[in-house]
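Report on the following structure.
The values are calculated or read from the model by the stated rules, or taken from the named source; none is laboratory data. These numbers come from a predicted model, not from an experiment. Neighbour counts run over all protein chains shown; Cβ positions are idealised from the backbone, glycine included.
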Amino acid sequence: MKRMGLREWVARWPVYRQLQGEDGRSAAARSPRTESMAPRTAEADKVARSVCPYCAVGCGQLVYVKDGRVTQIEGDPDSPISRGRLCPKGSASKQLVTRPSRATEVLYRRPHGTEWERLDLEQAMDMITDRVVETRRRTWEETSEGHLVRRTLGIASLGGATLDNEENYLMKKLYTAMGAVQIENQARI
């Protein structure tokens, strides 16, 4: 192996090359490895706009999808709220949908039961629907103290900070349409 002289060594040094070039971010900073790299977003089939689920700020996200699977989530530069920036939690939100330990089943313990059983999501949603309809039917008040109220006090909602404004709007509409009056959101507390 040929020993390199000081001038050759300095000439190959990236800092020296960047100082000699017009732009320290272009050719002087590139190596064969960086030339062979491509962004994770380059092979996406489609890009969906979304909102970060972690807090009530509502930062915009771009969700990159390939073959029906999420490959990358980045900040949306067109978002007037976050202008392409995400906090560390928002930057890691890809893990919500891709990590192997993600829960995909519902654990249910029957009344007076001692063991959990696994249910698929559709069965669990049907059970919830049946209970909401039954509770509304059973606790419905048309009048109270001679006043028309058309309400149920048997259903309440406490929303979380992970819901964005649109989701909270729809939740409020849904619960109001069902006649619930106890509707609050944790993000306001």
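Filtering the stretch 66-87 down to residues that are over 23 Å from residue 166 (Cα atoms) and within 18 Å of the chain's Cα centre (by Cα), which residue is surrounded by the fewest Cβ atoms within 10 Å (Cβ to Cβ)?
Of the residues in the stretch 66-87, the ones over 23 Å from residue 166 (Cα atoms) are 66-69, 71-72.
From the residues that got through so far, the ones that are within 18 Å of the chain's Cα centre (by Cα) too are 66, 68-69, 71-72.
Details: 66: 15, 68: 7, 69: 10, 71: 17, 72: 18.
Ranking the qualifying residues of the stretch 66-87, first place goes to 68.
When the residues of the stretch 106-154 are filtered to those that are β-branched (Val, Ile, Thr) and touching a helix residue (DSSP H, G or I) at 6+ places or on another chain (Cβ under 6 Å), which remaining residue is nearest to residue 53 (Cα to Cα)? Quick ask: steps written out before the conclusion?
Of all residues in the stretch 106-154, those β-branched (Val, Ile, Thr) come to 106, 114, 128-129, 132-133, 135, 139, 143, 149, 152.
Among the residues that remain, those that are also touching a helix residue (DSSP H, G or I) at 6+ places or on another chain (Cβ under 6 Å) are: 106, 152.
On the way: 106: 20, 152: 30 Å.
Among residues in the stretch 106-154 that are β-branched (Val, Ile, Thr) and touching a helix residue (DSSP H, G or I) at 6+ places or on another chain (Cβ under 6 Å), the one nearest to residue 53 (Cα to Cα) is 106.
Determine whether residue 58 is assigned to a loop (DSSP other than H, G, I, E, B), surrounded by 15 or more Cβ atoms within 10 Å (Cβ to Cβ) and on the phi > 0 side of the Ramachandran plot.
Working: assigned to a loop (DSSP other than H, G, I, E, B): yes; surrounded by 15 or more Cβ atoms within 10 Å (Cβ to Cβ): yes; on the phi > 0 side of the Ramachandran plot: yes.
Judged against the criteria, residue 58 is a match.
Need the failing condition index for residue 141 against (1) at pLDDT below 95; (2) under 27 Å from residue 185 (Cα atoms); (3) not hydroxyl-bearing (Ser, Thr, Tyr), just the number.
(1)
What do you reckon, is residue 38 part of a loop (DSSP other than H, G, I, E, B) and either farther than 30 Å from residue 159 by Cβ or assigned by TED's automatic domain parsing to the domain that holds residue 163 (or both)?
Working: part of a loop (DSSP other than H, G, I, E, B): yes; either farther than 30 Å from residue 159 by Cβ or assigned by TED's automatic domain parsing to the domain that holds residue 163 (or both): yes.
In short, yes.
Check off (1) of a type in the set (Asp, Glu); (2) loosely packed, with under 11 Cβ neighbours inside 10 Å; (3) under 25 Å from the mean Cα position of the chain (by Cα) for residue 167 and give me the number that stays unchecked.
(2)
Got a number for residues in the stretch 88-106 being surrounded by 15 or more Cβ atoms within 10 Å (Cβ to Cβ) and in a loop (DSSP other than H, G, I, E, B)?
1
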